[in-house]
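The next block holds one structure in the form of structure tokens; read it before the comments.
The values are calculated or read from the model by the stated rules, or taken from the named source; none is laboratory data. Note that this is a predicted model, so its numbers are computed, not measured. FYI the Cβ positions are ideal-geometry reconstructions off the backbone, even for glycines, and counts take in every protein chain you see. Ligands, DNA and RNA are stripped out before the accessible areas are found, and what is left, the full protein with its side chains, is counted by its heavy atoms. Shrake-Rupley method; radii C 1.70, N 1.55, O 1.52, S 1.80 Å.
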Amino acid sequence: MSDALLTVTDLQKYFPIRDGLLIERTVDYVRAVDGVSFEIPEGQTLGLVGESGSGKSTTGYCIIQLLQPTGGSIRFMGKELTELGRSDLRRTRRDMQIVFQDPYSSLDPRMTVGDIVAEPLKIHGVDTRRGRQAKVRELLDVVGFNPGFTNRYPHEFSGGQRQRIGIARALALSPKLIICDEPVSALDVSIQAQILNLLKDLQQEFGLTYLFIAHDLAVVRAMSDRIAVMNRGKLIEIGPAEEVYGEPREAYTQALLSAVPVPDPVAERMRKRVILKGDVPSPVNPPPGCRFHTRCWLYERLGQPEDCRTIDPELRVVAEAAGHRAACHHADEALKTDVGVAHIGAAALVRRGTPPAALASLAAAGKPDAPEELATPAFLDEGGTPEATTAADGFATESPDQTDTPTDLQSPF
């Protein structure tokens, strides 16, 4: 994209594993980020999702140069960040800031709110002391925080208020790019909505560009223009938000989406869910071929194809018009399955992976959005009870009559 504010190409970050008592030596590496590439146009939001340990936060830290990348290219506003000297990087950091995940540990408990927000201005020599004080009050007012509390300390405020302080600090130097590292994961749901609305309002008002890192797929969908999915340090799918949610082409993405709850108790109780079998691969010694194939339900369903075990799939275009790319040898087969889409459409309840019996109960309950053909209980057994979900499709699923939920059924987040 010619209008990309940030371009990341083949980003790598390896953490050495050292051994030895007297003389330490590097015996291997943890491949936290291994060849990630994406672009973010100015004024847009890229949502970065994946399970814990997939490398999302490490990617963000490498972009803002809190961690030095092992390899790859990071171009921001036409500058190669990996080649900048200390003084040049310091000047460039005025245009890129970060909002940290934990609103408690990211604020210095020995500094007042006013000092915390004014610190970036002071470091970069912006304005006089009186001018900085006025700027701090203005920033706090912008993020919905009482400017009269500048002389108080962080421990006197709630998590949501602390996160507003962190956002005000990130806005102090009028940056172009803000990396949001799970900014609402430590907050209550009601407070999450306030912070998300604040971030969207600030983006519209100041033309900000976001890299939004999160676990919550619903939050990412609400915030993002495009979504990128990471697994074991690699980018495995990227595309427009509606495209990725509506037609996921990677089995891992579909497994993540199958864990998103449906906001209806009947559909949630009866729906079919993908159960990932096996252990999570080691980032030190990942399996050959596709890194997800040891847990992939599609791999089992297709009869364990050899290319999944031997060839590492490239991120290829699967939908040209939408710019949708996926790293899966069998992306077309993944799209044909009934697994992975979790959302409520404008005209009907759409849930790939929901058993027909669940949708039938919705129709019987008089849900106006339920498709008409579901009103006929053709998929009920002779006793009039919903059919149990089985593993007949080639991958394990959750049955409606299960009372004990195995650990494998827990959300990947």
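For the reader, a short list of remarks on this structure follows.
- Strands (runs of 3 or more DSSP E) (entirely within segment 9-98) containing at least 2 residues that are over 17 Å from residue 231 (Cα atoms) and open to solvent by less than 70 Å² (accessible area, probe 1.4 Å): 25-41, 71-76
- Scanning segment 292-314 for residues that are farther than 10 Å from residue 329 by Cα, open to solvent by 30 Å² or more (accessible area, probe 1.4 Å) and either touching a Lys or Arg at 6+ places or on another chain (Cβ under 9 Å) or among the acidic types (Asp, Glu) (or both) gives 294, 300, 306.
- Any chance residue 101 is part of a loop (DSSP other than H, G, I, E, B), on the phi > 0 side of the Ramachandran plot and not hydrophobic (A, V, I, L, M, F, W, C): no
- Taken as a whole, the structure places residue 243 among residues that are touching a residue at least 12 places away in the same chain (Cβ under 8 Å) and touching a His at 6+ places or on another chain (Cβ under 6 Å).
- Index of the failed condition, residue 320 passing every other in (1) touching a residue at least 24 places away in the same chain (Cβ under 8 Å); (2) within 25 Å of residue 227 (Cβ to Cβ): (1)
- Residue 320 modelled with pLDDT of 80 or more and either charged (D, E, K, R) or more than 21 Å from the chain's Cα centre (by Cα) (or both): no
- Residue match in segment 326-349 (condition: surrounded by 14 or more Cβ atoms within 10 Å (Cβ to Cβ), modelled with pLDDT of 90 or more and of a type outside the set (A, V, I, L, M, F, W, C)): yes
- The residue that is most open to solvent (accessible area, probe 1.4 Å), counting only those in segment 150-189 that are within 23 Å of residue 135 (Cα to Cα), among the charged types (D, E, K, R) and not in a helix (DSSP H, G or I), is 152.
- Top-ranked residue in segment 104-126 [being of a type in the set (D, E, K, R) and not in a helix (DSSP H, G or I); ranked as farthest from residue 56 (Cα to Cα)]: 110
- Residue that is assigned to a helix (DSSP H, G or I), touching a residue at least 40 places away in the same chain (Cβ under 8 Å) and at negative phi, where the choices are 203, 192: 203
- Filter result for residue 5 (without any contact (Cβ under 8 Å) to a residue 60 or more places away in the chain and either farther than 30 Å from residue 141 by Cα or assigned to a strand (DSSP E or B) (or both)): no
- Test for residue 280: is it in a strand (DSSP E or B) and either surrounded by fewer than 20 Cβ atoms within 10 Å (Cβ to Cβ) or of a type in the set (Lys, Arg) (or both): no
- Candidates are the residues of segment 206-219 that are part of a loop (DSSP other than H, G, I, E, B) and among the small types (Gly, Ala, Ser); the one that is most open to solvent (accessible area, probe 1.4 Å) is 207.
- Subset of segment 157-202 [touching a helix residue (DSSP H, G or I) at 6+ places or on another chain (Cβ under 9 Å) and among the polar types (S, T, N, Q)]: 158, 161, 163, 174, 185, 190, 192, 194
- Checking each residue in segment 99-137 for being within 20 Å of residue 176 (Cβ to Cβ), among the hydrophobic types (A, V, I, L, M, F, W, C) and buried (at least 18 other Cβ atoms within 10 Å of the Cβ) picks out 99, 100, 117, 121.
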